[in-house]
Amino acid sequence: MKKLLPAVGVATLIAAASAAWTLAAPAGNGGAKAEVSSYAKLPPLPAAVKSRGRWLIGVKCDFPPFGYITASGKHAGYDVEVAKAFARIAFGHGNRVSYTCVTTPSRIPTLQSKRVDIIISTLTYTKARAEVIDYSLPYYGATGRLLVPNNSNITRLSDMSGKTISTTRGSIYDRWLHNCYKSTNVILTDTTSSSLLAVQDKRAAGFMFDDAFLVGVAANDPNTKLLSSRFLDIPWGIGIRKGESDMRAWVNSRIKLMKARDQFWLIMRHTIPRRFYATFKNNVPRPTNTLKYPTGPDPETICR
């Protein structure tokens, strides 16, 4: 089997995917200062954030197009733009936010340790997570996909039997694979780049993760493809510490406001190339598109 990339290729691929997703940020602060006073009837900003004069928010730094570092060293992506929108709403300036890089396994501990106010970090809803943190209203709807080499003999999910698949530790795919594909070997990593490296090094036959990330990888690597199967279609929420009802009220009220104004779609349009608009247009809250968390059995226990 031909190597997907040279040994240094994973970092290059992540950088290429980041560059491919990078577009102009949404319009700046025009009128934002004047708008701050118009939110008087909505829940007030939590006292700790207000007194500090800025947000502390945990974001991904290796997950284009949602949270990543640009070639110039700046935070970028859909999640980052949502954080900037919160800063504009709260303080009239999108730069009134400090970011902390988090990984899939570190994000909830980072939140619980109070290093950040909230986490906007590709956090898929699960019942287990909802027992230890609170979720905001959904702000994005993700779907799972499987990335494989072009010459792979995996054509459907059942073909994973007896093979090795990589994914990130603590992700919903980690638990779904262990629950539903017991004859599949799983390599768990702390970062997306490490999971990609496992495929490059032939230690894994595929990488299971969110479509939003994998579509960027596949678009920049002609030696890989995405299986058509989609699974675990579950929204993401913003992570909030248990018991912080004032924070949850503020975040949810502003998500509703941004949804009514179609701001999430504006952010998405400035985050992805135009050729991906059709793929993602129903993945964000919009005036006529409401995302909902699943009810009933936990999706990570539902096998197919």
List pairs: first in the stretch 156-183 and charged (D, E, K, R), second outside any strand (DSSP E or B), Cβ under 6 Å, 6+ apart or cross-chain? K163/A205; R169/P105; R169/D190; R175/E300
Taking the stretch 111-133 only, how many residues are closer than 22 Å to A85 by Cα and surrounded by fewer than 19 Cβ atoms within 10 Å (Cβ to Cβ)? 2
Looking at (1) buried (at least 20 other Cβ atoms within 10 Å of the Cβ); (2) touching a Phe, Trp or Tyr at 6+ places or on another chain (Cβ under 9 Å); (3) modelled with pLDDT of 95 or more, which one does F66 not meet, given that it meets all the others? (3)
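Please state which one of W236, W250 is more than 18 Å from the chain's Cα centre (by Cα) and either assigned by TED's automatic domain parsing to the domain that holds A128 or in a strand (DSSP E or B) (or both).
W250
The values are calculated or read from the model by the stated rules, or taken from the named source; none is laboratory data. If you're wondering where the values come from, they're calculated on a predicted model, not measured in any experiment. Virtual Cβ from ideal backbone geometry, glycine too; neighbours counted across all protein chains shown.
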